[in-house]
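Participant: Take this structure, written in structure tokens, and hold onto it; I'll ask about it next.
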Amino acid sequence: MIWLLALQLAAGPAQQALDPTPKVLGPDQHYENAKQDYTQRKFSDAESEVNAALHESPDMVPALILKGRLAISARRPDIARSCLITAITVDPTSEEAQFYLGLLFFMQNDFELAISPLQTARTLSPKNPLPVFYLAMTQDALGDETKALDLFEQAQNLSTEKSPQSAEILVAYGRFLLSLGRTEDSVEKDRRAIEIDSDSRDAHYELAKGLDHKGDFKNAAREGERALTLQEVDTSDAQIHFLLSNLYRKLNQPELAKAHLEKFQAASQTTRK
């Protein structure tokens, strides 16, 4: 509001009175408005602004990418695919367009289709960990454990900043290692993720699973209870209650086991509805 007031003061009341005509915005300003709305999670406003930008400049690659991202969030894959492919046709060197097209295919479980745009994004931006990270998860989904392991390691090494993104990469890497039976390595990744982002529900949940595999049921239950207090992202309440029910059963605490089992069943019914 302060900057808006400053602009009004700079224009002056006399100018505003003499020039009441609304200012016509160009495609660049519409795009900037759309970006700001997207950042503030005003998705409807962002869509209106990005559509206005594309109406005036249909080949505006950043606007096409943003519209594609909005469509991915809104679960409108056909629109997202059309926008991102158009962006790549206009500018094949757009790392963002290539990455988000690969991400779209990954989210749709079209893993074979995801590989090419993700590899292109990786080539265009070799220091960005995200294309490598999603390539790792894609290869994991395709059952190529050797390639997935190498790519997870690369993604971890590229993600040097301590951020929720680097924590997410470590959590996924730890989950993959646990699936390979490498429990100690998995737990180490989860602990590092928690050091980076102590409020990561996924990290605490995955650590609980790793500790369960190690037979450390008491600390596993503590991590599971901690996960329940944190904001849900990927790991649901139902998943945590189910894990805790089994952990308390192993700890010979039947009342707690029963309570979490009932909460798991109630959460599962709510999800199905």
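Participant: Quick check on my filter: what residues within segment 103-116 are farther than 17 Å from Lys147 by Cα and in contact (Cβ under 8 Å) with a residue 12 or more places away in the chain?
Facilitator: Leu103, Leu104, Phe105, Met107, Gln108, Asn109
Participant: Can you tell me which of (1) touching a Gly at 6+ places or on another chain (Cβ under 8 Å); (2) surrounded by fewer than 22 Cβ atoms within 10 Å (Cβ to Cβ); (3) closer than 26 Å to Pro126 by Cα is the one Asp190 doesn't meet?
Facilitator: Checking Asp190 against (1) touching a Gly at 6+ places or on another chain (Cβ under 8 Å); (2) surrounded by fewer than 22 Cβ atoms within 10 Å (Cβ to Cβ); (3) closer than 26 Å to Pro126 by Cα, the one that fails is (2).
Listed here are the residues, each with its yes/no results for (1) touching a residue at least 24 places away in the same chain (Cβ under 8 Å); (2) among the basic types (Lys, Arg).
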residue	(1), (2)
Asp144	no, no
Leu151	no, no
Ser159	yes, no
Ala167	yes, no
Val171	yes, no
Ser186	yes, no
His204	yes, no
Lys214	yes, yes
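Participant: Tell me which residues, restricted to segment 247-271, are surrounded by fewer than 17 Cβ atoms within 10 Å (Cβ to Cβ), touching a residue at least 24 places away in the same chain (Cβ under 8 Å) and over 27 Å from the mean Cα position of the chain (by Cα).
Facilitator: Answer for segment 247-271, where residues must be surrounded by fewer than 17 Cβ atoms within 10 Å (Cβ to Cβ), touching a residue at least 24 places away in the same chain (Cβ under 8 Å) and over 27 Å from the mean Cα position of the chain (by Cα): Lys250, Leu251.
Participant: Of the conditions (1) surrounded by fewer than 18 Cβ atoms within 10 Å (Cβ to Cβ); (2) at pLDDT 90 or above; (3) not hydroxyl-bearing (Ser, Thr, Tyr), Val50 satisfies every one except a single condition; which number is it?
Facilitator: Tallying (1) surrounded by fewer than 18 Cβ atoms within 10 Å (Cβ to Cβ); (2) at pLDDT 90 or above; (3) not hydroxyl-bearing (Ser, Thr, Tyr), Val50 fails exactly one: (1).
Participant: Out of Arg122, Arg69, I need the residue that is charged (D, E, K, R), buried (at least 16 other Cβ atoms within 10 Å of the Cβ) and touching a residue at least 24 places away in the same chain (Cβ under 8 Å). Which one?
Facilitator: Arg69 is the lone residue from the list that is charged (D, E, K, R), buried (at least 16 other Cβ atoms within 10 Å of the Cβ) and touching a residue at least 24 places away in the same chain (Cβ under 8 Å).
Participant: With the checklist (1) at pLDDT 95 or above; (2) crowded, with 21+ Cβ neighbours inside 10 Å in hand, flag the one item Leu180 doesn't pass.
Facilitator: Going through (1) at pLDDT 95 or above; (2) crowded, with 21+ Cβ neighbours inside 10 Å one by one, Leu180 breaks only (2).
The values are calculated or read from the model by the stated rules, or taken from the named source; none is laboratory data. Every value quoted in this text rests on a predicted model; they were computed, and no experiment measured them. Cβ sites come from the backbone with ideal geometry, for glycine too, and all protein chains shown count toward neighbours.
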